[in-house]
Amino acid sequence: MAARQPAESFRQQALEIGGRLQSGPSELLVNAVFAWELQHQLHLCDAVGLADIAQTLAALESGILPEIEGRQLLAALLELQRQPGDFVPDPECGDIYTNREAWLVRRTPTVGWLGAGRARREAITTAFVLVMRRAVLDFQLALSELGSVLVAQASLNRLAIMPDYTYLQAAQPTTLGHYLLGFAYPLLRDLERLDLLFGRLNLSPMGCGSTNGSLIPQGRQQTAQLLGFDGLVEHCRDAMWQADLCIACASILSSGSITLSRLAEDLQIFSTREFALIELDDRHARASKIMPQKKNPFALTHVRALANKMIGLLATVSASSRTPSGQPDNRLAIYGELPEAVHQAEQMAALMAEVLMHLRFDAERGRRLVEASWTQATELAETLVLECGLDFRAAHQLVGYLAGEFRERSIRELSVETIIAAAEQRLGRRIELSAAQLEKALDPLQAIQSRQEAGSTSLKSMETMLNDCREQFGGYRERALDRRTHLEGKEKTLLSLAEALAET
């Protein structure tokens, strides 16, 4: 590995390249700011290289960059793209762009052409967009695969009866399948939002000069095509300062992680001894070091913790963007934190998919909880409306009274005589209710299958939703894979073109 370049040597090179500053940065500025800034940009190095290579190819094509110098510059850029051991980013040299520039200066005098008509902000912004574009596709894949697992588990458990809970109290009979499928639709909305976000990320910010273009032709269309963009961010100044793009991404991360956190919260409650509806696989749990009986659902708590982080990130990104336009501090931390957050969200989705794939549901426990509670109260009230001519308010009052009087007993212990007597006592009305009608009202499976309208628990309704969700998740997955393959192909083509033209 080559010795680290002395700071004074770099300062001298900087003066030769630019020259406005007559001294280098203070040690405090280097340690307190440059090191922090560089740390958030290290992962952008490869993407900066792709942008530099595309810009050099466009400059060669336009004739702005002489052929000999262009070939030499491409050769140096390709060498740096291979991550040589002597490239060791150093805060003394500033950000990732100037670190790369310092390395290139030692290799070729043609580096002076690299910045023709370009601000460092353009290179960093383009690299950030390239990294985010790929990260969003990876997240979209993870969410679509999680959605497919949700659909598969919902399908397997279409008849697995359990109580539905509101306010953590048994409310109505449902199935594990219907419950799980309720989380598929928020995921589909997040996938739709990610689709829109990718469309915006797949517009090139390159060739903007600093904010209003350049006298030196930049070949905006050429660089966009070389890097696989679908088009351009039209306005040059807007291209450099799209604060809303970062806010939109952070918002999707917050929304998606909250959906997964809600599911994780429920599953953690369902896994307690008090509910005992599910058990996580051992691979997703952690033992207590002091309490031998504990099996802590650690994977679920991690999902909750990451959701908290995403909520905080949204606030951070929004606050960072709330400045006068054209402020570099908008994104100094976001360059690192936002791509890392997308990666963490991707891992969170993959973890939740694995948890769902391997958790165990106690179907017998679910049935017992339904039968031991008053989850059939609504069905009974609606039966009194449909079969006995009561208005719903009266039926609600009657069943509410029975629930209070017989709260220590199962609703299935109610008799026709008890209900008729209660109606005469509480409502002053004589009703006709048969044993068959009561039996049907108090049968959980019958109640589940009787709900026939769209979105309900019946097998017919579930089949429609399962097929729809299965198709949509599959479509998002295929689209993300196709886009990723396309971008990978564009990158290979870009590097192949550069290698063909580079000085050997």
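Throughout, read-outs are computed from the coordinates displayed, never taken from laboratory work. Please read all numbers here as calculations on a predicted model, not as lab measurements. With ideal geometry, Cβ positions are generated from the backbone for all residues, glycine too; neighbour counts draw on all protein chains shown.
Among Ile420, Gly400, Val385, pick out the residue whose Cα is farthest towards the positive end of the charge dipole of region 377-441, where Lys and Arg carry +1 and Asp and Glu carry -1 on C-beta, about the Cα centre.
Gly400
Expressed as a whole number of Å, what is the distance separating the alpha-carbon centroids of region 20-75 and region 87-153?
11
Go ahead and run the numbers for FRET between Asp46 and Asp86, Cβ-Cβ distance against an R0 of 25 Å, rounding to 0.05.
Working from the Cβ atoms, E equals 0.90.
Before rounding to the nearest 500, sum -39500 (n - 2.57) across all DSSP H runs of length at least 4 in the chain and divide by the residue total; then give [θ] at 222 nm in deg cm²/dmol. Could you put the intermediate results ahead of the total?
Numbers: 20 runs with 314 residues, N = 504.
The helix contribution divided over the chain gives -20500 deg cm²/dmol.
How much length, in nm to one decimal, is gained on full extension between Ser23 and Ala315, taken as 0.36 nm per residue of separation minus their Cα-Cα distance? Write down the numbers at each step before the final one.
Values: separation 292, 0.36 × 292 = 105.12 nm, distance 3.74 nm.
Result: 101.4 nm gained on full extension.
Could you check the simple spin-label distance between Thr301 and Ser415, using points 7 Å along Cα→Cβ, in nm with one decimal?
5.1
What's the extension gain from Leu196 to Arg365 if we count 0.36 nm per residue and subtract their Cα-Cα distance?
Working: separation 169, 0.36 × 169 = 60.84 nm, distance 4.30 nm.
In short, 56.5 nm is gained.
Based on other C-beta atoms within 10 Å, arrange His178, His343 from fewest to most. Can you show the working numbers first?
On the way: His178 24, His343 16.
Listed from fewest to most nearby Cβ atoms, that is His343, His178.
Among rounded, prolate and oblate, which fits the chain when a ≥ b ≥ c are the square roots of the eigenvalues of its C-alpha gyration tensor, a/c under 1.5 means rounded, and a/b larger than b/c means prolate?
Details: a/c = 3.27, a/b = 2.79, b/c = 1.17.
Taking the square roots of the gyration eigenvalues as a ≥ b ≥ c, the chain is prolate.
Note down the magnitude of the dipole of region 377-441 about its Cα centre, charges +1 on Lys and Arg C-beta and -1 on Asp and Glu C-beta and zero elsewhere, to the nearest 20 debye. List each step's numbers first, then the result.
Values: 8 positive and 11 negative charges, 30 e Å.
Approximately 140 debye in magnitude.
What order do you get for Glu413, Glu61, Glu69 when you list them from fewest to most C-beta neighbours inside 10 Å? Spell out each step's value before the answer.
Working: Glu413 9, Glu61 14, Glu69 19.
Listed from fewest to most nearby Cβ atoms, that is Glu413, Glu61, Glu69.
Could you point to the residue in Val342, Ser321, Ala305 farthest towards the positive end of region 298-356's charge dipole, with +1 and -1 charges on the Cβ of Lys/Arg and Asp/Glu respectively?
Value computed over the given set: Ser321.
When Lys309, Lys460 are ordered from fewest to most other Cβ atoms inside 10 Å of their Cβ, what list results?
Working: Lys309 18, Lys460 12.
Fewest to most other Cβ atoms nearby, the residues stand as Lys460, Lys309.
Counting pairs of alpha carbon atoms under 8 Å apart in space and at least six apart in sequence, what relative contact order in percent does region 377-441 give? Mind dumping the intermediate values first?
Values: 52 pairs, mean separation 24.3, N = 65.
Reported relative contact order: 37 percent.
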